[in-house]
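Below you'll find the structure, written out as structure tokens, and then a few comments.
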Amino acid sequence: MTEANVTHGAGPGDRPDGLQGVVADFASDQRAFKNVHWGKAMMWIFLLSDTFIFSTFLVSYMTVRMSTVVEWPIPSDVFALHMFGADIPLILIAIMTFILITSSGTMALAVNFGYRQNRKVTTLLLIITALLGASFVGMQVFEWSKLIHEGVRPWGNPFGAPQFGATFFMITGFHGLHVSVGVLFLFIVARKVWRGDYDVGRRGFFTSRKGTYDIVESMGLYWHFVDLVWVFIFAFFYLW
Amino acid sequence: MVDITQEKVENVGPAEVPEMELYHAHSWWTKYVFCQDAKVIAIQYGGTAVAIGMVGLILSWVMRLQLGFPETFSFISPEAYLQFVTMHGMIMVIYLLTALFLGGFGNYLIPLMVGARDMVFPYVNMLSYWIYLLAVLILVASFFVPGGPSGAGWTLYPPQAILSGTPGSGAGIVLMLISLAFFIVGFTMGGLNYVVTILQARTRGMTLMRMPLTIWGIFTATVLALLAFPALFVSAIMMTLDSVLGTSFFMPAIVEFGEQLAYGGGSPVLFQHLFWFFGHPEVYIVALPAFGVVSDLLSVHARRHIFGYRMMVWAIVGIGALSFVVWAHHMYVSGMNPYFGFFFATTTLIIAVPTALKVYNWTLTLWRGDIHLTLPMLFSIAFIITFVNGGITGLFLGNVVVDVPLSDTMFVVAHFHMVMGVAPILVVFGAIYHWFPLMSGRMLNNAMGQFHFWVTFLGAYLIYFPMHYLGFVGVPRRYWEIGETSFITTPIESLNAFITVAALIVGFAQLVFIYNIIVSVFKGEPAERNPWKATSLEWQTETVPPGHGNFGEEAPVVYRWAYSFSVPGAVDDYIPQNVHPDDVKKIAAAEGD
Ligand code: HEM
Ligand SMILES: [Cu+2]
């Protein structure tokens, strides 16, 4: 700790300019990403991997939608709700999307209050986020059961190409699973924040290392990602 | 020019982060079974991988017996043969090599070589192993279900994989897909650990460009795996649904035994694209760690710095990136657009550039080195030879017009065994001979090792070199028996018998190797510390084998790269990474400069 830092590339004095500086920074001592805690780095890399999963899902969806020879069902009809004496297209999905985007907002606020180590407000915002997420999943259950009632199955449906049901259930199901896992972890993290685990540095689960508010930030990354994925699913399934 | 630029960097930045906190086990269970120490996890991974690899090896004997002596063994039915081919291929590629290189060597070497006390998320790392074990057990279970394991070939192409004409099309294929999905989940947990540990938890002074190439290889391979496995994961889910729920992702309208099935409208070629989007990077997931390890072995045992370190790093990264844009060279015969073939042939040939560069650098590392023909060195040289051989046939297969007639022949089998079967396995052996003293504190028996090396290396050549010829003549792959044809003549039959005998002898040598390991763990000659006089951090630990937390009271500080061998002016022919420049013993005459 005592040695002075003179010629090493990481020293502020001799950092090269421009692109070379970026490379030198990245390749420098100990950490490639300065001030990024492990959980955050791990979450980013995990999300990158998960992006490939969802991209594969969506590419497969597009491929089978083109390869099938049967007409694709018209989304605005299939996803319409009969309310107030009229069929309103995409109404449910609009509400669901709105809720999920709102929850991203509350999550962002939770992260912000987490930075300030504000125990109470962070907990409250985490719980609100979790509840919004849970209601999203609830509406998805409603949507699924409605479609199942109308005879949509993974292997076929009365409206057109059987791949419609297959891709729909698979992809929204996989996304719904992500949301559900997120809700579960939001509750767990909220409880830990509330109990003050992160203020006293209590040993956490998963790593048995001392806890910090950092995990709220990682949680936030995950949640925003799940929302972003939803935007794509929304566009590809409901608007195409 | 001797590359001693790294030498001149004497200083090390101030510590940026506090010491890593260690998890300490509290009970027998958490200490020995559900252990969170990466070194124990590594050995668990390695042991399991070798155990399932033995199954793959035994399957290869059975297949060879059938090919060499057709109509002799009544217990090998055509269905069973296909099942053995499938399980052999899948086990060797995924459950042995991927798990061994990343889960085994990755876990053991990453924390030690970058100077960390453990992985960053030990608990997740521990789970990773247990999920891998579960995946292996599910795979093994498929041998015992009605219909047996899948016989679809390791590529699992639909529609045949789930049609009743293929053996194991019921429970077998579903278990295979589920096992793969679990493998991927488990791997992801480990892989995130490897990447974050390398990026964020290095010790003081360990800049990225001072990392041993082993770490670069494992790092890049892990990144590839994290990005390539998703495609396999998703296709496993979709094919499971096709098989169990009757969806039609991959299934076109199809008639089976004169009966129209309920499937329709799916895309079988989609599966091929997804599979090879995973499958080609998978080749490099196995090869890149081998590249890295072999660079270090060559350098240590030739007492010479690796030639062109930076070039080697960039070659690894470049190969990794390119490996994502070549996948359809496995699909030249799938009927895709010819322009596609042109594109993929071009990218495939471009990959040869960084690959050839690496081979030159390995050779130049040996050039004028003080070569010690130790076992790790022998295996490394053997690797270069086999890899070049497999690489050259790869250039043939990368060209559409050459590949089309050779596709699905024994030529392809010979090619990929050379390049991704034998070559990486040779590195695995070399690495085990190299690091066994560190892991166990004992040396492996040299006589048995020599026997193992010569039989394996020469034997592998005897197996696969003639196999190229079989492919040229037109002997197809995945065939139980060829029977009477105009091109199968007596010489070919006797060649097949010859290959089988060679394969059995090579297989026997592996038993000697395993015996050597087991005996040496208990009775081997005790190893001196750092027996190979290596510079990297794993050999500079306080105790051998390294204890919990890897290093002593203080984490090492790194002053130079890992290749300071035969540095002019220094007394010893190696300077470990963590020796302070002032402590390096200089030759007296050089005093004053
Ligand atoms: C002593 C060592 C080995 C022997 C004797 C051997 C033998 C064989 C044989 C006879 C086949 C089937 C050929 C056919 O009928 O199509 C085969 C296929 C295969 N082997 Fe090996 N093998 C060995 C090691 C390995 C290793 C280390 C790997 C790891 C990459 C490997 C990967 C494969 C693959 C991917 C297939 C293709 C399976 C398929 O067609 O679905 N083998 N091997
Ligand atoms: Cu390939």
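A few notes on this one:
- Qualifying residue in the stretch B:64-80 (condition: outside any helix (DSSP H, G or I), touching a residue at least 24 places away in the same chain (Cβ under 8 Å) and within 14 Å of chain A (Cβ to nearest Cβ)): no
- Taking first residues from the stretch A:65-77 that are at the interface with chain B (Cβ under 8 Å from one of its Cβ atoms) and of a type in the set (S, T, N, Q) and partners that are surrounded by 12 or more Cβ atoms within 10 Å (Cβ to Cβ) and assigned to a loop (DSSP other than H, G, I, E, B), the Cβ contacts under 6 Å between residues at least 6 apart in sequence or on separate chains come to A:S67/B:S267; A:T68/A:A161; A:T68/B:G265.
- Test: residue in the stretch B:285-298 that is within 14 Å of chain A (Cβ to nearest Cβ) and either within 25 Å of B:G153 (Cβ to Cβ) or within 16 Å of ligand 1 (Cβ to nearest atom) (or both): yes
- Among the criteria (1) at pLDDT below 80; (2) more than 7 Å from chain B (Cβ to nearest Cβ); (3) exposed (fewer than 14 other Cβ atoms within 10 Å of the Cβ); (4) outside any strand (DSSP E or B), the one A:H82 does not fulfil is (4).
- Residue list for the stretch A:40-79, filter: modelled with pLDDT of 95 or more and either more than 28 Å from the chain's Cα centre (by Cα) or acidic (D, E) (or both): A:D50
- Test: residue in the stretch B:374-387 that is within 16 Å of ligand 2 (Cβ to nearest atom) and more than 14 Å from chain A (Cβ to nearest Cβ): yes
Residue-by-condition table, conditions (1) touching a Lys or Arg at 6+ places or on another chain (Cβ under 7 Å); (2) surrounded by 19 or more Cβ atoms within 10 Å (Cβ to Cβ); (3) part of a loop (DSSP other than H, G, I, E, B):
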residue: B:I463; (1), (2), (3): no, yes, no
residue: B:Y479; (1), (2), (3): no, no, yes
residue: B:I505; (1), (2), (3): no, no, no
residue: B:L511; (1), (2), (3): no, no, no
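- Any hit, the stretch B:427-441, residues being within 16 Å of ligand 2 (Cβ to nearest atom) and within 17 Å of the chain's Cα centre (by Cα): no
- Residue that is nearest to ligand 2 (Cβ to nearest atom) [pool: residues in the stretch B:131-158 that are in a loop (DSSP other than H, G, I, E, B) and of a type in the set (A, V, I, L, M)]: B:L156
- Test: residue in the stretch B:127-150 that is touching a residue at least 24 places away in the same chain (Cβ under 8 Å), over 21 Å from the mean Cα position of the chain (by Cα) and within 14 Å of another protein chain (Cβ to nearest Cβ): yes
- Restricting attention to the stretch B:519-570, the residues that are more than 25 Å from B:L22 (Cβ to Cβ) and outside any loop (DSSP other than H, G, I, E, B) add up to 8.
Let's see how each residue does on (1) within 13 Å of chain A (Cβ to nearest Cβ); (2) in contact (Cβ under 8 Å) with a residue 24 or more places away in the chain; (3) surrounded by 24 or more Cβ atoms within 10 Å (Cβ to Cβ); (4) closer than 30 Å to B:Q577 by Cα:
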{"residue": "B:G170", "(1), (2), (3), (4)": "no, yes, no, no"}
{"residue": "B:L175", "(1), (2), (3), (4)": "no, yes, no, no"}
{"residue": "B:V234", "(1), (2), (3), (4)": "yes, yes, yes, no"}
{"residue": "B:T240", "(1), (2), (3), (4)": "yes, yes, no, no"}
{"residue": "B:T247", "(1), (2), (3), (4)": "yes, no, yes, no"}
{"residue": "B:V255", "(1), (2), (3), (4)": "no, no, no, no"}
{"residue": "B:H273", "(1), (2), (3), (4)": "yes, yes, no, no"}
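- Of all the residues in the stretch B:222-232, those that are within 9 Å of chain A (Cβ to nearest Cβ) and not hydrophobic (A, V, I, L, M, F, W, C) number 1.
- Qualifying residue in the stretch B:193-215 (condition: within 16 Å of ligand 1 (Cβ to nearest atom), out of contact with any strand residue (DSSP E or B) (no Cβ under 9 Å at 6 or more places or on another chain) and free of Cβ contacts under 8 Å to residues at least 60 places away in the same chain): no
- Qualifying residue in the stretch A:59-68 (condition: outside any loop (DSSP other than H, G, I, E, B) and over 20 Å from A:G160 (Cβ atoms)): yes
- Scanning the stretch A:46-58 for residues that are polar (S, T, N, Q), farther than 22 Å from A:A161 by Cβ and within 7 Å of chain B (Cβ to nearest Cβ) yields a single hit, A:S49.
- Residue satisfying condition, being within 16 Å of ligand 2 (Cβ to nearest atom), touching a residue at least 12 places away in the same chain (Cβ under 8 Å) and within 14 Å of chain A (Cβ to nearest Cβ), within set B:F416, B:F324: B:F324
- Number of positions in the stretch B:177-211 that are aromatic (F, W, Y), within 14 Å of chain A (Cβ to nearest Cβ) and farther than 24 Å from B:H330 by Cβ: 1
- Of the residues making up the stretch B:466-487, those that are touching a helix residue (DSSP H, G or I) at 6+ places or on another chain (Cβ under 8 Å) and either within 13 Å of ligand 1 (Cβ to nearest atom) or farther than 18 Å from B:G394 by Cβ (or both) are B:P466, B:M467, B:L470, B:G471, B:V473, B:V475, B:P476, B:R477, B:R478, B:W480, B:E481, B:F487.
The values are calculated or read from the model by the stated rules, or taken from the named source; none is laboratory data. Note that the coordinates shown come from a computational prediction; the quantities given were computed from them, not determined experimentally. For neighbour counting, all protein chains shown are included, and Cβ atoms are generated from backbone atoms with ideal geometry for every residue, glycine included.
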